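Asks: Got a structure for you, questions after.
The values are calculated or read from the model by the stated rules, or taken from the named source; none is laboratory data. Quick caveat: nothing in here was measured; it's all calculated off a predicted structure. Positions of Cβ are backbone-derived with ideal geometry, glycine not excepted, and every protein chain shown enters the neighbour counts.
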Amino acid sequence: MQCLTLSRACRTVATATVLLLGVGLVPQIASATGLHGRTTGTESVTAGTWGVHAATTSFTFTSSTDQTVTVTNTGTIALSAESYGVTVSKPSTGAPTFKLYECTTAWSANKCAGGAGTQIGGTLNANSSTTVSISTALAVSAVIYLQWEPTGVTSSTTITLSPQVTSPTQLRAAVKTNQ
């Protein structure tokens, strides 16, 4: 069929041809001009480090005065939780107890943003060792604030804090975004 005249059939064939050519060229034109599009795919972390660092790991109590410490995510992977090994020494006299609280902001006048903070684990007794965990997400280089609250301290008592991360259960899952 020859399209010497602009009949309806010829116009339809010509329009379809232009549209097909246009669809084939759009991706190249879009990327060449810097236009944004969507893409999908999968990613995986091939290398990374995880860990947390406490500014202080040994605390000595001679009275029932609260003590605070900052803990920083020193790895390259965000965390979904952290664990802390805690050892409380046996004092020469008395039977003090300790509670550990966390806060996402710095402690001010023994308060966490106006509240008491969130207790980690139960009450810790003198001459004991345990592991406590929190499920507060901690981004890379982010800080969490901990506070020891002692009761009944009458003689020197030492607490040792050992931050730990258990892989893979405490590593934050990758977040997939489409732009």
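Asks: Of the residues Val71, Val153, which is modelled with pLDDT of 90 or more, touching a strand residue (DSSP E or B) at 6+ places or on another chain (Cβ under 8 Å), among the hydrophobic types (A, V, I, L, M, F, W, C) and not in a loop (DSSP other than H, G, I, E, B)? Quick ask: steps written out before the conclusion?
Replies: Numbers: Val153 fails: not in a loop (DSSP other than H, G, I, E, B).
Of Val71, Val153, the one residue that is modelled with pLDDT of 90 or more, touching a strand residue (DSSP E or B) at 6+ places or on another chain (Cβ under 8 Å), among the hydrophobic types (A, V, I, L, M, F, W, C) and not in a loop (DSSP other than H, G, I, E, B) is Val71.
Asks: Name the one entry in Val143, Val153 that is more than 17 Å from Asp66 (Cβ to Cβ) and touching a residue at least 24 places away in the same chain (Cβ under 8 Å). Give the steps one after another, and end with the answer.
Replies: Details: Val153 fails: more than 17 Å from Asp66 (Cβ to Cβ).
Just a single option satisfies the conditions, and that option is Val143.
Asks: Still on this structure, please answer the following. What are the residues in segment 117-141 that are more than 26 Å from Ala78 (Cα to Cα) and in a loop (DSSP other than H, G, I, E, B), if any?
Replies: Result: Ala126, Asn127.
Asks: Based on this model, can you work out whether Ile159 counts as modelled with pLDDT of 95 or more and not in a loop (DSSP other than H, G, I, E, B)? Before the answer, list the steps.
Replies: Details: modelled with pLDDT of 95 or more: yes; not in a loop (DSSP other than H, G, I, E, B): yes.
For Ile159, the condition - modelled with pLDDT of 95 or more and not in a loop (DSSP other than H, G, I, E, B) - is met.
Asks: Go through segment 86-140 and give me each residue that's under 15 Å from Pro163 (Cα atoms) and surrounded by fewer than 13 Cβ atoms within 10 Å (Cβ to Cβ).
Replies: Ser129, Thr131, Ser135
Asks: Return the only residue of Ser128, Ser89, Ser133, Ser108 being in contact with a strand residue (DSSP E or B) (Cβ under 6 Å, 6 or more places away or on another chain) and at pLDDT below 95. Even if it seems obvious, please write down each step before you answer.
Replies: On the way: Ser128 fails: at pLDDT below 95; Ser89 fails: at pLDDT below 95; Ser108 fails: in contact with a strand residue (DSSP E or B) (Cβ under 6 Å, 6 or more places away or on another chain).
Within the list Ser128, Ser89, Ser133, Ser108, the selection yields Ser133.
Asks: I need every pair where a residue in segment 106-125 that is assigned by TED's automatic domain parsing to the domain that holds Gly152 has its Cβ under 6 Å from the Cβ of a residue that is modelled with pLDDT under 90, sequence separation at least 6 or different chains.
Replies: Ile120/Ile134
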